[in-house]
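Data first, discussion second: the structure below is written as structure tokens.
The values are calculated or read from the model by the stated rules, or taken from the named source; none is laboratory data. Quantities reported herein were computed from a predicted structural model and do not represent experimental measurements. Cβ: placed from backbone, ideal geometry, glycine included. Neighbour counts: every protein chain shown. Just so you know, the surface numbers come from the protein's heavy atoms only, side chains and all, with ligands and any DNA or RNA stripped out. Shrake-Rupley method; radii C 1.70, N 1.55, O 1.52, S 1.80 Å.
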Amino acid sequence: GNLGLIYSASGKFDEAVELLTPAVQADKTNEDLAYALARAWIGKRDYEKALNLLLDFKARRNGRASGRMLLAEAVAYVRSGNNEKAEKAFRVVLQLEPGNAEAAYELALMLSMDPDRLQEASEFYKTARTNGVRIDPHLEEELNKFSGVDTATRDFMLESLVDALTAKDLAGAQWYYDEVTKLAPEDPKVKM
């Protein structure tokens, strides 16, 4: 089981499944093993096996599950195309753990596919970024299109602002700062 945990964490999903399957059968109450096996099944793109394992584990606990088990369930749902169940599970995870970056990011990705829900996607992406998710250039560009922020112009203005400060041109720096804050007042790069 411990070796299976290591394999699962390091992305060696075939080896993880081979070791964790009998370990979970031997100890059906061990959440660490069940979680790692579910993540390994997700890594192997066998979402049905992951969901069966997670739902069986939850049923043994009278329908209760920890945030990480619900997160794995939500990821399996979204990867298998069941967005309705995925959204519900992601939202429960975020109620339990408001700073869960993975849940916020996955929900932002999922919602960004619906043009009518880009505002919601943007809010979840901000939560994910605030809690440590690295910049996703593609998602950020899609959400910036929605918000009307021209990132190329923003980046040019920020670079010009730095150049003006380096050259001790305070009037020029002030002008670039004023213009970029008009362009993108809520943009995290501008606020820095």
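A few points about this structure:
- Within the chain, helix-based [θ] at 222 nm, where runs of 4 or more DSSP H residues each add -39,500 (n - 2.57), nearest 500: -23500 deg cm²/dmol
- Set Lys28/Lys58; Lys168/Lys191; Lys28/Lys85; Lys168/Lys189; Lys28/Lys88 screened for pairs whose C-alpha atoms are more than 18 Å apart: Lys168/Lys191; Lys28/Lys85; Lys168/Lys189; Lys28/Lys88
- Ranked packing of 57-65, 120-128, 70-78, most packed first, by mean Cβ within 10 Å: 70-78, 120-128, 57-65
- Each of Leu54, Thr166, Leu143 was scored by the projection of its Cα onto the charge dipole of the chain, and the greatest displacement toward the positive side belongs to Leu54; charges sit on the C-beta of Lys, Arg, Asp and Glu.
- In Hz, Karplus ³J(HN,Hα) per residue of the stretch 90-103 (6.51, -1.76, 1.60; θ = phi - 60°; x = Gly, Pro): 4, 5, 5, 4, 6, 6, 6, 9, x, x, 6, 5, 5, 5
- Once the Cα atoms are used to define both axes, helix 170-183 deviates from the longest principal axis of the chain by about 50 degrees.
- FRET efficiency, 1/(1 + (r/R0)^6) with R0 30 Å, evaluated for Gln119 and Val162 via beta carbons: 0.45
- Tyr7 - accessible surface, heavy atoms, 1.4 Å probe, Å² rounded to 10: 60
- Between Thr130 and Ala101, the simple spin-label model (points 7 angstrom out along Cα→Cβ) gives 1.4 nm.
- Extension gain from Ile6 to Arg79, taking 0.36 nm per residue of separation minus the Cα-Cα distance: 23.9 nm
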